[in-house]
Amino acid sequence: MGDPSGMCGRMRLGLLRLTDAAPVALAAARGLFAAEGVAVALSVEPSWANIADKLAYGLLDGAVMLPPLALAMEFGLRPATTSLVVPMSLSLNGNSVVLAKELAAAVLQGGARPAALEAGRRLRGLIEGGRRPRLAVVQSWSTHDLLLRYWLAASGIDPEEAVDIMVVPPAEMPQALAAGRIDGFCAGAPWGAVAARMEAGRAVVLSSDIWRNHPEKCLAVRAEWAERHPDILQSVLRALLRAGPVCDDAAGAAALATLLAGPDWVGVPADLVAASLPGGLGGDVDRSTFSAHMAAFPWRSHARWFTTQMARWRTLPADAVERAEQVYRPDLYAQAARTLGRPIPLVERKPEGGHEVPWSLAAEPAPVPMEPDGFCDGARFEG
């Protein structure tokens, strides 16, 4: 993970052992950061709390981040209020809801994974029969928590009353499931596949079944660092924008999986990593997208959706939505994308859940083909 010398700029970047850190891993391994003249010192952390604390106290300049956690830091919902900016997203999809063997068997009923609301209806029947599942998420302020709650609520299960939701670091979840300390979890790849290989549990719903092509990880940077080092930030953005399409190339998935499977990264067998990459087999993990369908654009409508869902379950500041929109910085993305000739949307917000079929996004220099983005309950968020 070293810190190369001889560069004109430096950045300390944190991340967790997750497959969807692929653009950062590839940019580091293939010299894309170095080609932009930036020495990026990568720090693999054991938990999202570590990431947040190190950002708060200036021990990291930026991180592969959970968008709701970045917003929670801005809103002062963690011990040290920290202003961050989100100049780009890093991935779409990628999480799975895994239940312990007995529960999963009752939901799957010996067949293929059902539609999200049918899986939720079957789980609701088990809960009404006297079960109270203990479900783990990776962080209280996470996409995993919000999507899990959204699915449960849409299925008629009150996430505040009918289940217990707790925080467990993602790499510890399969063992916690096997030991019976939890009854299920929602986490990113490869941990659903790890749990399945351990025969500890099975995925009953994927996050893309809950919200198709939902935003997952983002790049979050300390606002004061971004203001002091605009050129370094632009170099980092260009390197990651170059890395995204490579990570989306199914022909390179085996090599990327081998890189990510190494001990410096995720540290699990390469086939478990490959399952969640474009062109992978899926199964007990969702497949990530890193560049296609404007995956890297920091949509302000995403910031609004995350904030309204956070407010659904927690108390937020009265001006939270407006502040969230200021955290997301499509202008910084556009600056980097323009220098690379990459498409830039003509708008900063879009209807979320408003597209049940493929559609075309107005962008310069040319429209961008987009995939559906429907919610499991058919809702539409105007953003």
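The values are calculated or read from the model by the stated rules, or taken from the named source; none is laboratory data. Quick caveat: nothing in here was measured; it's all calculated off a predicted structure. Note: ideal-geometry Cβ built from the backbone for every residue, glycine included; neighbour counts use all protein chains shown.
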Condition set touching a Pro at 6+ places or on another chain (Cβ under 8 Å) and under 20 Å from Ala295 (Cα atoms), scope region 17-33, selection surrounded by the fewest Cβ atoms within 10 Å (Cβ to Cβ): answer is Leu18
So, first residue surrounded by fewer than 19 Cβ atoms within 10 Å (Cβ to Cβ) in region 212-233, second residue of a type in the set (Val, Ile, Thr) and assigned to a strand (DSSP E or B), Cβ within less than 6 Å, six or more apart or across chains; the pairs are Ala223/Val85
Report task. Considering every residue within region 255-272, establish whether at least one is assigned by TED's automatic domain parsing to the domain that holds Thr81, more than 27 Å from Trp191 (Cβ to Cβ), of a type in the set (Val, Ile, Thr) and outside any loop (DSSP other than H, G, I, E, B). Result -> no
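Per-residue answers, yes or no, for (1) part of a loop (DSSP other than H, G, I, E, B); (2) assigned by TED's automatic domain parsing to the domain that holds Val86; (3) over 21 Å from Asp248 (Cα atoms):
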residue	(1), (2), (3)
Asp284	yes, yes, no
Gln309	no, yes, yes
Leu316	yes, yes, yes
Ala324	no, yes, yes
Gln335	no, yes, yes
Ala366	yes, no, no
Asp377	yes, no, yes
Scanning region 151-187 for residues that are in contact with a helix residue (DSSP H, G or I) (Cβ under 6 Å, 6 or more places away or on another chain) and either modelled with pLDDT under 95 or part of a helix (DSSP H, G or I) (or both) gives Trp151, Pro170, Met173, Pro174, Leu177
Checked region 241-275 for anything closer than 18 Å to Ala292 by Cβ and either touching a Phe, Trp or Tyr at 6+ places or on another chain (Cβ under 9 Å) or not hydrophobic (A, V, I, L, M, F, W, C) (or both); matches are Leu241, Arg242, Ala243, Gly244, Pro245, Val246, Cys247, Asp248, Asp249, Gly252
Being farther than 19 Å from Arg17 by Cβ, of a type in the set (Gly, Ala, Ser) and outside the structural domain of Pro269 (by TED's automatic domain parsing) narrows Gly184, Gly192 down to just Gly184
### Task
For Pro190, indicate whether it is modelled with pLDDT under 95 and surrounded by fewer than 24 Cβ atoms within 10 Å (Cβ to Cβ).
no
Out of (1) surrounded by fewer than 20 Cβ atoms within 10 Å (Cβ to Cβ); (2) outside the structural domain of Thr258 (by TED's automatic domain parsing), the one Leu99 does not meet is (1)
Notebook entry, point to check: Yes or no: His302 surrounded by fewer than 21 Cβ atoms within 10 Å (Cβ to Cβ) and either part of a helix (DSSP H, G or I) or free of Cβ contacts under 8 Å to residues at least 40 places away in the same chain (or both)?
Noted result: no
